[in-house]
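Remarks on the structure that follows.
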Amino acid sequence: MHGLMMNQPLLISSLIRHADTCHSDTEIVSRLTEGGIHRYTYRDAHRRSRQCARALLRLGATDGARVATLAWNNFRHFEIYFAASGIGAVCHTINPRLFPEQIAYIINHAGDHVVLFDLTFLKLVEALRPHCPGVRHWVALTDRAHMPAGAASCLCYEELVAAESDDYEWPDFDEETAASLCYTSGTTGNPKGVLFSHRSTLLHAFAINLPDVMGLSARDTALPVVPMFHVNAWGMPYAAAMAGAKLVLPGPGLDGASLCELYQAERVTFSAGVPTLWLNTLAHLREKGIRLPLPHRTIIGGAAASPALIHALESEQGIEVRHAWGMTETSPAGTVNTFKGKHAAMSAEERAAVHAKQGRILPGVELRITDDEDRELPRDGTAFGNLLVRGHWVCREYFKGEGGSILRPGGWFPTGDVATLDADGYMRIVDRTKDIIKSGGEWISSVDLENTALGHPAVGGAAVIGLPHERWGERPLLVVVRRPGQELTAEQMLDFLREKVAKWWLPDAVVFADAIPLTATGKIYKLKLRETYADYFAKNPGTSGHTGAG
Ligand code: AMP
């Protein structure tokens, strides 16, 4: 017997309509690419999204057409999110930090009909155009006054919007319709498209607004540091509209000073971003002696947040840190770390151990760990294995079937991560499968070594890679970036680690660098490091004097 409740499709347009109905005067504040701050409200955003919807339809973006963006977090990008998906087209957010060849590949693979770009990316667009013949329109996200000479053959967003009325009703359609498309950076092979549906987007938005996840409310001022071109800014534009939270969109200003200015001026209560951006911001806060307004809770994910970073933000600033894990393929929220009531009774050290984990499994998501024979491993917080995921907002297939059938028996998606799970549902990332160091038949977690190194007060950045080794298979090399003005020798670094990690985990060499290379999504670019230091042990034979796993 079926239940007798209404069955309305879960559509993204319902979010912006709701925000207009209940939060018409709540602000959306943007730092503009052209300079200055722009302010308007959810009502304005809804009106302009409808105008934008009509403009996109006029440009021929019909059902399922891919509407691509190369844009920062700002109000125009926000409008396109709702306009493109609202008409039944697909909002394809492109990461401008990828190599131009990769971007051209992505545009062609996606079959983008129109590309809307911020002026920052004009040069990039000029380079892309000859390689992307399928794109019918290139639209500069600005007004006529700011259109540069180089954009003469492009359309002007503000003109397109101004030419349309807001007399537009969002259509109803199947909630399984594709809404947005995001390519994974893919360090090997071509990038693959993850195609989110209206249904998955809405269910994800409901879930991230649970109190133990982002928990956005109509009392929050939320700033997505995470770009809208990286897994839809982790769903924040949708979740903020759903909750009626004030939104602050930082545009191209992702440096510590620009972010702190917005945190202070707009009294931001919630932010989300990758660890490196918080590291930069923390350095700025320390240098200038700034205390941010409180309360402020922040989600840090996309790469491991070290216990040192979590502790510094909490003890120096009073910011509540929620460590989170996810992937493009999981929309991205998979786990988020908040304490349970029972943890209050624990010692500070025990709580720190819980806090450093990647967090508790969200309802709507399931995780399991298996060995290489696909046997499930115990949820005891110790056993670690291949992490598998399934759930309402997890991808079942890449766009255009790229990579073939990706699911394991039982409908599980293999994450490529190695993790532990515990009896309370907390997951801890041990490493990426391809980054874990296999030394003498035992595994060394590069993430754990990095986190431990980051605990040294003179260390500003740390990366660990495994390099081929004749006897042990692989041995770790530690790359360290010293904090400005700090002295640190390789021997001092090793002495510090010696007290904290097993003897055979000790890196065979410590090298110092000016910066850790990062990927387009802010992760340590290990492939590049492995290339840079490929023959380090061969060239420095004295360095490999460890005792190995035996
Ligand atoms: P992406 O699809 O580019 O967002 O990358 C997803 C991958 O980032 C995951 O499979 C993890 O390897 C890594 N990742 C995400 N969040 C974390 C985290 N909190 N700690 C460690 N690794 C993470």
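A short reminder: the numbers here are calculations on the coordinates, not readings from a lab. Given the structure is predicted, the values throughout are model-derived calculations rather than measurements. In this analysis, Cβ positions are derived from the backbone assuming ideal geometry, glycine residues included, and neighbour counts consider all displayed protein chains.
The dipole here belongs to the chain: it is taken about the Cα centre, uses +1 on the Cβ of Lys and Arg and -1 on the Cβ of Asp and Glu, and is about 260 debye. Each peptide in 5-17, 466-478, 282-294, 445-457 was scored by the mean count of other Cβ atoms within 10 Å over its residues; highest first, the order is 445-457, 466-478, 5-17, 282-294. Rounded to the nearest 0.05, what FRET efficiency is calculated for A513 and R43 with R0 set to 51 Å and r the Cβ-Cβ distance? Using R0 = 51 Å, I get an efficiency of 0.55. Between S405 and L527, the C-beta separation translates, for a Förster distance of 25 Å, into a calculated FRET efficiency of about 0.45. When you count the other C-beta atoms within 10 angstrom of each residue and take the mean per peptide, 202-211, 81-90 line up highest first as 81-90, 202-211. Just to verify a number: FRET efficiency for A353 and A383, C-beta to C-beta distance, R0 = 22 Å, to 0.05? Efficiency, rounded to the nearest 0.05: 0.85. By the rule of a C-alpha distance below 23 Å, with chain neighbours fewer than 8 residues away ignored, the lysines paired with K342 are K357. For T221, the shell of other residues with beta-carbons less than 12 Å away shows a net charge of +1, using +1 for Lys and Arg and -1 for Asp and Glu.
Relative to the dominant Cα principal axis of the chain, helix 198-208 is inclined by about 50°. With distances taken between every two different alpha-carbon atoms, the chain has a Kirkwood hydrodynamic radius of 24.5 Å. Between the helical axis of 13-22 and the longest alpha-carbon principal axis of the chain there is an angle of about 80 degrees.
Counting only alpha carbon atoms, the long axis of helix 100-110 and the longest principal axis of the chain meet at about 50°. For segment 166-292, the square roots of the Cα gyration tensor eigenvalues, ordered a ≥ b ≥ c, give a/c of at least 1.5 with a/b no greater than b/c, which places it in the oblate category. For a test of the definition: using alpha carbon positions, the gyration tensor, and the 1.5 limit on a/c, classify segment 221-260 as rounded, prolate or oblate. The shape class here is oblate.
Using a simple spin-label model with pseudo-atoms 7 Å out from Cα toward Cβ, S258 and E491 lie 4.4 nm apart. Checking the Cα-Cα distances for K123/K246; K500/K528; K434/K503; K123/K526; K192/K523; K340/K500 against a 25 Å cut-off, the pairs over it are K123/K246; K500/K528; K123/K526; K340/K500.
Calculated over segment 104-219, the projected area of the Cα convex hull averaged across directions stands at 11.2 nm².
Rg and Dmax of segment 7-213, both derived from C-alpha coordinates alone, stand at 16.7, 51 Å. Projecting label points 7 angstrom from Cα along Cα→Cβ for H2 and A127 puts them 5.4 nm apart.
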